[in-house]
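The values are calculated or read from the model by the stated rules, or taken from the named source; none is laboratory data. Everything quoted here is computed from the prediction, not taken from an experiment. FYI the Cβ positions are ideal-geometry reconstructions off the backbone, even for glycines, and counts take in every protein chain you see.
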Amino acid sequence: MTAGKTTSDAQAGASYTYADAGVSIAAGNALVKAIAPLARATARPGATSELGGFGGFFDPKAAGYTDPLLVAANDGVGTKLKLAIAHDRHDTVGIDLVAMCVNDLIVQGAEPLFFLDYFATGRLENGVAERVIAGIAEGCKLAGCALIGGETAEMPGMYAPDDYDLAGFCVGAVERGEQLTGDRVAPGDVLLGLASSGVHSNGYSLVRRLAADKGWKLDRPALFDQERLLIDALIAPTRIYVASLLPLIRAGLVNALAHITGGGLLENIPRILPQGAHALVDADLWPQPRLMAFLQAQGNIEPQEMARTFNCGVGMVLAVSEADVAEVIAKLEGAGEAVFPVGRIEAGDKGCTVRGSIETWAAKSDWSATHLG
């Protein structure tokens with residue numbers, strides 16, 4: 001440096017670029033080109049736009065709707081992403097993202113139509129981003145909705161270089177008058193559960209706390225399943241129930257649906273109940289999955305806490321008129337779902353009680369937990 005010339009003088013004459021600040025426009029453009037075929041593979045009637053525009057178009061009439069109500073949902077994946085990032089498991093968190101949104105739409109009777117994603121990272125690694133977005137596209141295909149756009153944001157300083165976050169937004173439709181609101185639920189209805197595929201996308205702050213405190217070796221076979229690595233059991237994607245449930249909804253065989261997410265069985269079921277209806281869930285009616293038993297034992301978690309934290313093996317709950325139960329079970333099993341009774345609707349204060357006998361969920365005595373609301 002020339003004598004007497006300061007660093008600030010040199011910087012004053014420098015020509016700055018976005019890349020100097022840590023953002024690669026070229027990498028972003030390359031990613032858009034790479035994911036365009038993934039998005040096209042999700043095309044469905046009504047979706048007409050290509051990636052790259054300022055927005056995506058959708059034509060509800062082309063999708064077969066006459067007088068649709070639009071239903072919107074958005075969600076993320078939560079701290080499950082920390083496990084995915086730490087253990088190079090990027091391929092299925094996109095399915096989780098879609099599942100959390102589309103399962104929230106189907107419980108209102110709405111068919112998911114189109115999806116948009118938001119991928120934010122400290123440094124854009126196209127290999128990782130493409131794997132994540134491929135999972136999003138796969139989730140959209142499973143749900144029958146079109147991936148019509150999204151946003152990729154490279155934000156150095158906001159996120160650590162290898163970190164990323166996901167958000168999803170989905171719009172569905174239901175013909176006016178056919179939406180599920182819970183008004184049809186009545187005492188005497190049977191509650192049926194659809195098996196979850198694992199922890200789904202809620203409760204991972206507790207899972208990660210247990211992993212750290214108990215020193216789990218996530219890259220070794222799980223204690224409860226020697227054929228599977230523990231990380232793979234924990235990262236299993238959220239099950240998407242749309243294809244199985246939509247025909248039943250359109251046939252009028254379902255009175256209400258509850259997606260079991262944060263808050264567990266205890267807090268999600270009351271969201272679909274009218275005044276004067278109380279859900280009684282009997283934990284004796286289905287076997288506790290081994291993964292859930294492992295989490296409970298590792299954390300010495302009380303059954304009541306399990307009921308409000310994890311899905312406990314039940315990813316979706318249906319309220320069905322007793323006369324339709326056999327037909328609904330047969331159709332769901334034919335669609336590949338594992339179905340089991342989980343309880344009934346009784347007259348009472350709006351809310352839910354989850355109860356079990358001694359030894360159910362490792363209980364030392366009979367137990368119950370109630371949430372009103």
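Numbers for the structure displayed
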| read-out | value |
| --- | --- |
| Out of Gln298, Gln275, Gln304, sole residue that is surrounded by fewer than 18 Cβ atoms within 10 Å (Cβ to Cβ) and closer than 23 Å to Gly78 by Cβ | Gln298 |
| Total residues in segment 272-324, condition without any contact (Cβ under 8 Å) to a residue 24 or more places away in the chain and over 25 Å from Glu359 (Cβ atoms) | 1 |
| Pair list, Cβ under 6 Å, 6 or more apart: segment 97-123 residue polar (S, T, N, Q), other residue surrounded by fewer than 24 Cβ atoms within 10 Å (Cβ to Cβ) and not in a strand (DSSP E or B) | Gln108/Gln179; Gln108/Leu180 |
| Ala3 vs. criteria at pLDDT below 70, outside any helix (DSSP H, G or I) and of a type in the set (A, V, I, L, M, F, W, C) | yes |
| Strands (runs of 3 or more DSSP E) contained in segment 303-373 and holding at least 1 residues within 23 Å of Gly109 (Cβ to Cβ) and among the charged types (D, E, K, R) | 339-347 |
| Filter result (aliphatic (A, V, I, L, M) and in a helix (DSSP H, G or I)) within segment 29-53 | Ala30, Leu31, Val32, Ala34, Ile35, Ala36, Leu38, Ala39 |
| Criterion violated by Thr79 - all others in (1) at pLDDT below 95; (2) surrounded by 13 or more Cβ atoms within 10 Å (Cβ to Cβ) satisfied | (1) |
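Conditions tested, residue by residue: (1) assigned by TED's automatic domain parsing to the domain that holds Asn268; (2) closer than 15 Å to Leu253 by Cα; (3) crowded, with 19+ Cβ neighbours inside 10 Å.
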residue: Gly315; (1), (2), (3): yes, no, yes
residue: Ala319; (1), (2), (3): yes, yes, yes
residue: Ile329; (1), (2), (3): yes, yes, no
residue: Lys364; (1), (2), (3): yes, no, no
